[in-house]
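**Q** Below you will find the structure I want to go over with you.
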Ligand SMILES: *Cc1c(COP(=O)(O)O)cnc(C)c1O
């Protein structure tokens with residue numbers, strides 16, 4: 001018997017979320033950001049389910065390789081760009097686009113001998129101070145790219161937001177302005193919006209939006225659930241109860257014995273733990289679903305196992321299903337209890353968890 005811990009990927013939810021995003025920005029093309037193995041959902045299955053997207057955004061050439069290997073022909077954009085001259089040959093072989101955000105990358109392009117066509121996106125730092133040319137250098141970088149005969153005439157301009165998840169922060173409006181000012185003289189398509197900006201900053205939609213988290217039904221705006229935007233969870237993490245035990249008052253549960261029963265209790269032991277990516281930082285009393293109903297966890301999360309208070313689940317028994325997050329229990333609720341964000345949880349599912357899928361892959 002394999003372990004029952006499983007991550008079920010809801011392909012219909014991915015497609016529905018893409019449709020929801022499209023309806024919010026009907027004039028923009030959509031680059032589906034699928035970095036980090038599709039935010040932990042599995043790159044190939046996610047990309048196939050999202051084949052209605054106009055492009056894919058990835059962080060590694062190996063991801064572009066995997067997408068081409070399954071026959072996808074959409075544009076693929078390497079979001080952090082090239083690191084060495086050899087990457088150019090790989091990009092050309094894969095017919096993938098690269099972002100250029102730094103002088104060192106410009107120099108690699110300028111010393112390229114191949115002259116074979118290449119599609120480039122120019123990234124400008126409008127205020128996040130992570131990747132991108134400073135606004136005052138944007139025009140120079142643009143001119144140098146335009147001078148390279150092999151760089152495609154379609155040269156989109158992009159930037160990335162630091163705080164678009166905070167709808168009451170001025171930063172995003174300032175970044176939109178800084179980007180517009182630094183690019184007024186430059187022709188080309190524009191791309192600014194991540195998921196939070198798709199949902200909360202319509203002025204930023206422009207020619208291309210670049211949603212990641214929203215496609216996976218993750219919460220992307222501070223204080224707002226994904227569901228409140230009509231987005232559906234794309235992953236349900238589940239397992240089963242493999243033992244049911246009776247406790248007497250005073251009995252300790254789990255490592256450190258930090259939970260002590262104050263009454264006779266029935267607890268279930270579920271086959272999931274931090275070795276699967278269920279966070280150890282979750283405190284005792286965090287919520288799971290047992291056969292669809294909420295129940296609190298008991299004591300520390302172990303590597304392979306988790307104890308659950310079954311007092312409110314009298315029908316629970318060995319084999320009962322336990323949902324850790326997903327349908328019925330938003331991952332953002334679990335993330336908040338663990339002191340992190342939903343992205344880290346879905347990205348953190350480990351390889352021993354069995355992945356399966358439901359729903360239809362697009363035709
Ligand atoms: C990750 C990333 C995105 C997507 O961000 P979400 O907040 O998940 O929508 C968009 N653009 C760039 C450059 C990124 O690195």
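**Q** Out of (1) within 30 Å of residue 45 (Cα to Cα); (2) part of a helix (DSSP H, G or I); (3) in contact with a helix residue (DSSP H, G or I) (Cβ under 8 Å, 6 or more places away or on another chain); (4) free of Cβ contacts under 8 Å to residues at least 60 places away in the same chain, the odd one out for residue 220 is which?
**A** (2)
**Q** Does at least one position in the stretch 73-81 carry a residue that is within 16 Å of the ligand (Cβ to nearest atom), under 23 Å from the mean Cα position of the chain (by Cα), over 24 Å from residue 26 (Cα atoms) and not in a loop (DSSP other than H, G, I, E, B)?
**A** yes
**Q** To continue, here is another question. Go through 57, 52 for me and flag whichever is modelled with pLDDT of 95 or more, surrounded by fewer than 18 Cβ atoms within 10 Å (Cβ to Cβ) and in contact with a helix residue (DSSP H, G or I) (Cβ under 7 Å, 6 or more places away or on another chain).
**A** Details: 57 fails: surrounded by fewer than 18 Cβ atoms within 10 Å (Cβ to Cβ).
Only one candidate passes the filter, namely 52.
**Q** May I pose another question? For residue 175, all conditions in the list (1) within 15 Å of the ligand (Cβ to nearest atom); (2) touching a residue at least 24 places away in the same chain (Cβ under 8 Å); (3) touching a helix residue (DSSP H, G or I) at 6+ places or on another chain (Cβ under 7 Å) hold save one; what is the number of the exception?
**A** Evaluating residue 175 over (1) within 15 Å of the ligand (Cβ to nearest atom); (2) touching a residue at least 24 places away in the same chain (Cβ under 8 Å); (3) touching a helix residue (DSSP H, G or I) at 6+ places or on another chain (Cβ under 7 Å) leaves (3) as the failure.
**Q** Tell me which residues, restricted to the stretch 109-122, are under 21 Å from residue 159 (Cα atoms) and assigned to a helix (DSSP H, G or I). Explain how you work it out, then say what you get.
**A** Looking only at the stretch 109-122, we keep the residues that are under 21 Å from residue 159 (Cα atoms), and these are 109, 118-122.
Correct list: 109 only.
**Q** While we're on this one: Considering every residue within the stretch 147-160, establish whether at least one is part of a helix (DSSP H, G or I), modelled with pLDDT of 95 or more and out of contact with any helix residue (DSSP H, G or I) (no Cβ under 7 Å at 6 or more places or on another chain). Before the answer, list the steps.
**A** Let us first name the residues in the stretch 147-160 that are part of a helix (DSSP H, G or I), namely none.
Checked the stretch 147-160: no residue is part of a helix (DSSP H, G or I), modelled with pLDDT of 95 or more and out of contact with any helix residue (DSSP H, G or I) (no Cβ under 7 Å at 6 or more places or on another chain).
**Q** Here are some conditions: (1) buried (at least 21 other Cβ atoms within 10 Å of the Cβ); (2) in contact with a helix residue (DSSP H, G or I) (Cβ under 8 Å, 6 or more places away or on another chain); (3) more than 30 Å from residue 20 (Cβ to Cβ); (4) touching a residue at least 40 places away in the same chain (Cβ under 8 Å). Residue 310 meets all but one. Which one does it not meet?
**A** Result: residue 310 fails condition (2) only.
**Q** While we're here: Output the residues belonging to the stretch 178-199 that are in a loop (DSSP other than H, G, I, E, B) and within 11 Å of the ligand (Cβ to nearest atom).
**A** First, pick out the residues of the stretch 178-199 that are in a loop (DSSP other than H, G, I, E, B): 184-189, 192-194.
Correct list: 192, 193, 194.
**Q** Further, regarding this structure: How many residues does the stretch 20-44 hold that are more than 16 Å from residue 212 (Cβ to Cβ) and in contact (Cβ under 8 Å) with a residue 24 or more places away in the chain?
**A** Just the residues of the stretch 20-44 that are more than 16 Å from residue 212 (Cβ to Cβ), to begin with: 23, 26-27, 44.
So of that shortlist, the ones also in contact (Cβ under 8 Å) with a residue 24 or more places away in the chain come out as 27, 44.
The qualifying residues number 2.
**Q** If you go through the stretch 47-63 one residue at a time, how many are free of Cβ contacts under 8 Å to residues at least 40 places away in the same chain and either within 15 Å of the ligand (Cβ to nearest atom) or within 14 Å of the chain's Cα centre (by Cα) (or both)?
**A** Just the residues of the stretch 47-63 that are free of Cβ contacts under 8 Å to residues at least 40 places away in the same chain, to begin with: 47, 53, 56, 58-63.
In the following step, the residues that additionally are either within 15 Å of the ligand (Cβ to nearest atom) or within 14 Å of the chain's Cα centre (by Cα) (or both) were identified as 47, 53, 56, 58-60, 63.
Residues flagged as free of Cβ contacts under 8 Å to residues at least 40 places away in the same chain and either within 15 Å of the ligand (Cβ to nearest atom) or within 14 Å of the chain's Cα centre (by Cα) (or both) within the stretch 47-63 amount to 7.
**Q** A further question on this structure: Can you confirm whether the stretch 35-42 contains a residue that is more than 15 Å from the chain's Cα centre (by Cα) and within 12 Å of the ligand (Cβ to nearest atom)? Talk me through it step by step, then tell me what you get.
**A** The first filter runs over the stretch 35-42 and keeps only residues more than 15 Å from the chain's Cα centre (by Cα), leaving none.
No, the stretch 35-42 has no match at all.
**Q** Residues that are under 26 Å from residue 38 (Cα atoms): which strands (runs of 3 or more DSSP E) entirely in the stretch 260-363 hold 2 or more of them? Break it down into steps so the answer makes sense when it comes.
**A** Numbers: elements: 265-270, 287-290, 293-298, 306-309, 321-325, 354-358.
Here the list reads 287-290, 321-325, 354-358.
**Q** Please find, within the stretch 95-111, the residue that is nearest to the ligand (Cβ to nearest atom) out of those that are farther than 30 Å from residue 171 by Cα and surrounded by fewer than 18 Cβ atoms within 10 Å (Cβ to Cβ). First the steps, then the outcome.
**A** Just the residues of the stretch 95-111 that are farther than 30 Å from residue 171 by Cα, to begin with: 95-96, 107-111.
Those still in the list that are surrounded by fewer than 18 Cβ atoms within 10 Å (Cβ to Cβ) too: 95, 107, 110-111.
Working: 95: 20, 107: 22, 110: 23, 111: 26 Å.
So the residue we want is 95.
The values are calculated or read from the model by the stated rules, or taken from the named source; none is laboratory data. Just so we're clear, the structure is a prediction, and the values are computed from it rather than from any experiment. As a convention, Cβ positions derive from the backbone with ideal geometry for all residues, glycine included, and neighbour counts pool all protein chains shown.
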